[in-house]
Ligand code: IFM
């Protein structure tokens, strides 16, 4: 099977950027050459990660990065999206760790030498543990520490970077990490979710100001994840439930960037769950951005719930990926067109999209036709949005290679390249060959 896009698609042109994405904690390993982060602590807490694993080795990318760049180049991509490990590049006192910085400058230099654009995310969840010990994202001071970290690394990287994203998926850091505790740091309180979200967004705004000053020629923005919310029935109650879920899980993170306020659902909050918002915060948060990154995997369906307002229902009969996420590509198009209708958006990159599948390595091959079909359907869903006038300028497959999938450990494989964790051998899956073929045949 091939990935097929309409012949006249904008996505068949070389002006459209294609890439692959990874994140520091998920691939780097070499945990002993950096400070501890919240995910080291979370992994060391029994029962938090399904297979009891951690990021100590992961894909040993710190050791194997040259081979990994060969792999990236072999796919024929235009860009590589990676993240910087804050605890690798700064010491506890906030000064630069020159060894950690060197790792990234060598990597960035090599990408540039090969004509692969580096898309750098400054925060993909690996907060230094000593900062968490001081309150982490519940402490307003962390937003200022993030701006300082941004200042130092962007000066150190000079002109090596094509694009900076401040944050990857602040929803995951705040909701999963501080509100329901299934991600690091594993805290679970409603007010914590909203407060940490506010500080993450504040940190984004502060860092954008630093980027505008230090790195005015890179494309600077933020990466948000969206799980579009649908109502289980047409009843007014279910429609309202889906709208509330959408405000809570999705709009919460984008609306302040453009409208300088949180969605209406904030008025439903009990006083003790209200985040502390200081005067002027929304002006900081709503800095102009050069691009918006969109991460999409699945949708969610809601019905009204007398206690919680909305509750998700399982679409039992619909196809799912190996991580249990429904496969529903139409919702990707719906998401992109609805965001386009709601906000004055800058150009958008799809910064993550992909699927965990139950891959099998047989005779040195992984024939992941299921993932390939997912990519085909979702790339076409993006194309449909473009045809309806949405300004999407690039697409990154998540992920370059199998890696540490957070609370699932190594049990779920999202890569288009298979990783044998015992030998660290990388094997291109059928989806990687199909992606490569799509890219090679562009005009
Ligand atoms: O692996 C993650 C990634 O770190 C952030 N976005 C979702 C992916 C799949 O769960």
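Can you tell which of 234, 159 is farther than 21 Å from residue 108 by Cα and away from the ligand (no atom under 16 Å from the Cβ)?
The match here is 234.
When you look at residue 414, is it outside any helix (DSSP H, G or I) and buried (at least 17 other Cβ atoms within 10 Å of the Cβ), yes or no?
So residue 414 passes the test.
Only one of these is crowded, with 24+ Cβ neighbours inside 10 Å and within 16 Å of the ligand (Cβ to nearest atom): 211, 200, 176. Name it.
Testing whether each residue is crowded, with 24+ Cβ neighbours inside 10 Å and within 16 Å of the ligand (Cβ to nearest atom) leaves just 200.
Would you check which residues across region 156-198 are over 27 Å from residue 95 (Cα atoms) and in a loop (DSSP other than H, G, I, E, B) and list them?
Correct list: 180, 181, 182, 183, 186, 187, 188, 189.
With the requirement that a residue be closer than 25 Å to residue 68 by Cβ, more than 16 Å from the ligand (Cβ to nearest atom) and under 21 Å from the mean Cα position of the chain (by Cα), what does region 113-149 give you?
116, 117, 118, 128, 149
For region 16-44, how many residues are assigned to a loop (DSSP other than H, G, I, E, B) and either in contact with a helix residue (DSSP H, G or I) (Cβ under 7 Å, 6 or more places away or on another chain) or in contact (Cβ under 8 Å) with a residue 24 or more places away in the chain (or both)?
9
Of the residues 430, 399, which is at pLDDT 95 or above and in contact with a helix residue (DSSP H, G or I) (Cβ under 7 Å, 6 or more places away or on another chain)?
Exactly one residue qualifies, and that residue is 430.
Which of the residues that make up region 258-274 are in a helix (DSSP H, G or I), in contact (Cβ under 8 Å) with a residue 60 or more places away in the chain and within 15 Å of residue 197 (Cα to Cα)?
Residue satisfying the conditions is 273 alone.
Give the number of residues within region 93-146 that are part of a loop (DSSP other than H, G, I, E, B), closer than 26 Å to residue 78 by Cβ and in contact with a strand residue (DSSP E or B) (Cβ under 8 Å, 6 or more places away or on another chain).
Residues that pass the stated criteria total 3.
Residues in region 199-220 that are in contact with a helix residue (DSSP H, G or I) (Cβ under 9 Å, 6 or more places away or on another chain) and in a loop (DSSP other than H, G, I, E, B): how many?
Matching residues across region 199-220 total 2.
Scan region 97-107 residue by residue and report those that are farther than 14 Å from residue 61 by Cβ and in contact with a helix residue (DSSP H, G or I) (Cβ under 8 Å, 6 or more places away or on another chain).
97, 99, 101, 105
Residue by residue through region 396-411, note down the ones that are in contact with a strand residue (DSSP E or B) (Cβ under 8 Å, 6 or more places away or on another chain), in a loop (DSSP other than H, G, I, E, B) and either within 11 Å of the ligand (Cβ to nearest atom) or free of Cβ contacts under 8 Å to residues at least 60 places away in the same chain (or both).
399, 402, 403
Can you pull out the residues in region 361-379 that are in contact (Cβ under 8 Å) with a residue 12 or more places away in the chain and under 15 Å from residue 413 (Cβ atoms)?
Answer for region 361-379, where residues must be in contact (Cβ under 8 Å) with a residue 12 or more places away in the chain and under 15 Å from residue 413 (Cβ atoms): 361, 365, 366, 367, 368, 369, 370, 371, 372, 374, 375.
The values are calculated or read from the model by the stated rules, or taken from the named source; none is laboratory data. Computed from a predicted model, the values in this text were never measured in an experiment. Here Cβ is always computed from backbone atoms with ideal geometry, including for glycine, and neighbour counts include all displayed protein chains.
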